[in-house]
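Notes for the one structure printed next.
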Amino acid sequence: MGKKTAYKKMRLGKKLKQNRRMPVLAVVRTHRRVQGNIFQRDWRRRKLKLE
């Protein structure tokens, strides 16, 4: 395993935060207009695009 740079760690952290599931309250309050998190991904199929 190679060493991660500080920049890459920061990007990974950002992507992890974006990947969090949508709060149920937000879905309920918007009457499901907001269905889900657009940043969520299937870790098996969709690869992470890091610069």
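Just one of the listed residues (K3, K49, K15) is touching a residue at least 24 places away in the same chain (Cβ under 8 Å) and either in contact with a Phe, Trp or Tyr (Cβ under 8 Å, 6 or more places away or on another chain) or surrounded by fewer than 10 Cβ atoms within 10 Å (Cβ to Cβ) (or both), and it is K15.
Picking from residues in the stretch 25-45 that are among the basic types (K, R) and either modelled with pLDDT of 85 or more or under 21 Å from K14 (Cα atoms) (or both), the one that is least open to solvent (accessible area, probe 1.4 Å) is R41.
Hey, can you tell me all the residues within the stretch 9-26 that are under 13 Å from Q40 (Cβ atoms) and assigned to a helix (DSSP H, G or I)? Correct list: K15, L16, K17, Q18. Within the stretch 27-51, can you find the residues that are in a helix (DSSP H, G or I) and either in contact with a strand residue (DSSP E or B) (Cβ under 6 Å, 6 or more places away or on another chain) or not aliphatic (A, V, I, L, M) (or both)? The one that is in a helix (DSSP H, G or I) and either in contact with a strand residue (DSSP E or B) (Cβ under 6 Å, 6 or more places away or on another chain) or not aliphatic (A, V, I, L, M) (or both): R29.
The values are calculated or read from the model by the stated rules, or taken from the named source; none is laboratory data. Predicted model only: the values in this text are computed from it and were never measured. Methodologically, a virtual Cβ is constructed for each residue, glycine included, from the backbone with ideal geometry; neighbour enumeration extends over all protein chains shown. Ligands, DNA and RNA are excluded from the accessible area calculation, which covers all protein heavy atoms including side chains. Shrake-Rupley method; radii C 1.70, N 1.55, O 1.52, S 1.80 Å.
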